[in-house]
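So the structure is just underneath, and the comments pick up after that.
The values are calculated or read from the model by the stated rules, or taken from the named source; none is laboratory data. All values reported here derive from a predicted model rather than from experimental measurement. FYI the Cβ positions are ideal-geometry reconstructions off the backbone, even for glycines, and counts take in every protein chain you see.
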Amino acid sequence: MLAGITLLLVCQLIGEVLIRGLEIPVPGPVVGMLLLFVFLLIRGKTPEPLYVASNGILRNLALLFVPASVGVVTQLNTLANDWLPITVAVTFSTMATIAVTGLVMRLLTGDKP
Amino acid sequence: VSRDLHFLWVYLETSPLLWLTVTLVAYQVATWIFERLGRKPIVNPVLVATIIISIALLETGTDYHTYFNGAQFVHFLLGPAVVALAVPLYTHMSTLRRTWPAVLIALSAGSVTAAISAVATAWAMGAPLSVVLSLAPKSVTSPIAMGISERIGGTPALTAVLVILTGVVGAITGGWVLDMVRVRSAQARGLALGTASHGIGTTAAMQMSEVAGAYSGLAMGLNGAVTAIIIPMVIPVLVKWLG
């Protein structure tokens, strides 16, 4: 568990250092994720402590969204002023994305239920 | 007594303990409501917990900065959580070996559609530039979306809210949209939900089938990476073009 958490933090830290050093326009944790993925490819299996740590965090992923989501209290004016374009854009765009992704995947892999 | 209460409040206000505890309690109450109402996407736990906490903040006159002083300990874990997505990605990668080129193409098409359709719609309806830019990364998981938003000149706090809204819309409408365009395979349905509406869509996909859930989780992780690469290249060009 502790070794797993340490590995996650080390990957994130390297990611954060790399994006700043190389000025890559990608969030540090994404680079950390790619590094860990490459590590797993080379390693050929998921070490037990890493599995325990990542499973523990990802099982409660939704909770981690809450503090940022509560930031809504700082955005009440924006939401009150621009609620219409925001609602239409989010609804239309989300439905379009679902349709496009699903259709392209069906086109490429066929449609076995 | 009111003097004692005042001192108690001063203590609670300056310590991270109160709002950290409130965050965990509110989330568990929200999860309980979600389970009791048959896991309906409309009572999404993040949405309900956010409403509970926001009301508590407004009622007690507490500002977001004070709240975040406590809640930051939960928020911090989002970074390691994104790194941790490599594990399910790797686990599924071995079982998805044959479909990964199709997955990458469909996912990239979805990623571009998500950003461009949101930006173009909001812009056409006259939303200010900061709102338009905050909408661009709305389909990816919060920590990545907030990072992208910051880089392209959006408002990360607004993006966080839009991400949750997107997740709930995707979870509610996803099954219906996929039926309408006659996409029936569990792979394609899961991939579409995870690409368009991240973790909240993935919760809905897991209720469809195990395969749909696996593809959705994979899509959520991959789309975070793909969108983080595509948006900073595409959106500034699109914004310049729209004027």
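Number of residues in the stretch B:22-42 that are assigned to a helix (DSSP H, G or I), more than 10 Å from chain A (Cβ to nearest Cβ) and free of Cβ contacts under 8 Å to residues at least 12 places away in the same chain equals 4.
Based on what the data block shows, is B:V140 buried (at least 23 other Cβ atoms within 10 Å of the Cβ), more than 7 Å from chain A (Cβ to nearest Cβ) and not in a helix (DSSP H, G or I)?
Working: buried (at least 23 other Cβ atoms within 10 Å of the Cβ): yes; more than 7 Å from chain A (Cβ to nearest Cβ): yes; not in a helix (DSSP H, G or I): yes.
So B:V140 fits the description; yes.
Residue by residue through the stretch B:182-197, note down the ones that are assigned to a helix (DSSP H, G or I), facing chain A (nearest Cβ under 9 Å) and not basic (K, R). Residues satisfying the conditions are B:A186, B:Q187, B:A188, B:L191, B:A192, B:L193, B:G194, B:T195, B:A196, B:S197. Residues in the stretch A:1-42 that are among the polar types (S, T, N, Q) and either surrounded by 23 or more Cβ atoms within 10 Å (Cβ to Cβ) or outside any helix (DSSP H, G or I) (or both): A:Q12 only. The single residue among B:A212, B:A171 that is crowded, with 24+ Cβ neighbours inside 10 Å and either touching a residue at least 40 places away in the same chain (Cβ under 8 Å) or among the basic types (K, R) (or both) turns out to be B:A171. With respect to the conditions (1) surrounded by fewer than 24 Cβ atoms within 10 Å (Cβ to Cβ); (2) at pLDDT below 95; (3) not β-branched (V, I, T), A:L64 lacks only one, and its number is (1).
Would you check which residues across the stretch B:46-80 are closer than 21 Å to B:V25 by Cα, at the interface with another protein chain (Cβ under 7 Å from one of its Cβ atoms) and small (G, A, S) and list them? Residues satisfying the conditions are B:A49, B:S54, B:A71.
Just to verify a result, which residue in the stretch A:43-57, among those that are buried (at least 20 other Cβ atoms within 10 Å of the Cβ) and of a type in the set (A, V, I, L, M), is nearest to B:K138 (Cα to Cα)? Restricting to residues being buried (at least 20 other Cβ atoms within 10 Å of the Cβ) and of a type in the set (A, V, I, L, M), the top hit is A:I57. State whether the residues of the stretch B:158-165 include one that is in a helix (DSSP H, G or I), over 26 Å from B:A49 (Cα atoms) and not hydroxyl-bearing (S, T, Y). Checked the stretch B:158-165: no residue is in a helix (DSSP H, G or I), over 26 Å from B:A49 (Cα atoms) and not hydroxyl-bearing (S, T, Y). State whether the residues of the stretch A:57-75 include one that is in contact (Cβ under 8 Å) with a residue 40 or more places away in the chain and either facing chain B (nearest Cβ under 7 Å) or within 28 Å of B:A71 (Cβ to Cβ) (or both). Among the residues of the stretch A:57-75, at least one is in contact (Cβ under 8 Å) with a residue 40 or more places away in the chain and either facing chain B (nearest Cβ under 7 Å) or within 28 Å of B:A71 (Cβ to Cβ) (or both), which makes the answer yes.
Look at B:S117 and say whether it is farther than 11 Å from B:G224 by Cα and either facing another protein chain (nearest Cβ under 8 Å) or within 17 Å of the chain's Cα centre (by Cα) (or both).
Values: farther than 11 Å from B:G224 by Cα: yes; either facing another protein chain (nearest Cβ under 8 Å) or within 17 Å of the chain's Cα centre (by Cα) (or both): yes.
Judged against the criteria, B:S117 is a match.
State yes or no: is A:S93 at the interface with chain B (Cβ under 7 Å from one of its Cβ atoms), in contact with a helix residue (DSSP H, G or I) (Cβ under 9 Å, 6 or more places away or on another chain), buried (at least 20 other Cβ atoms within 10 Å of the Cβ) and under 19 Å from B:A84 (Cα atoms)? It is false that A:S93 is at the interface with chain B (Cβ under 7 Å from one of its Cβ atoms), in contact with a helix residue (DSSP H, G or I) (Cβ under 9 Å, 6 or more places away or on another chain), buried (at least 20 other Cβ atoms within 10 Å of the Cβ) and under 19 Å from B:A84 (Cα atoms).
Among the conditions (1) of a type outside the set (V, I, T); (2) within 24 Å of A:V104 (Cβ to Cβ); (3) touching a Phe, Trp or Tyr at 6+ places or on another chain (Cβ under 6 Å), B:G70 misses just one, which is (2).
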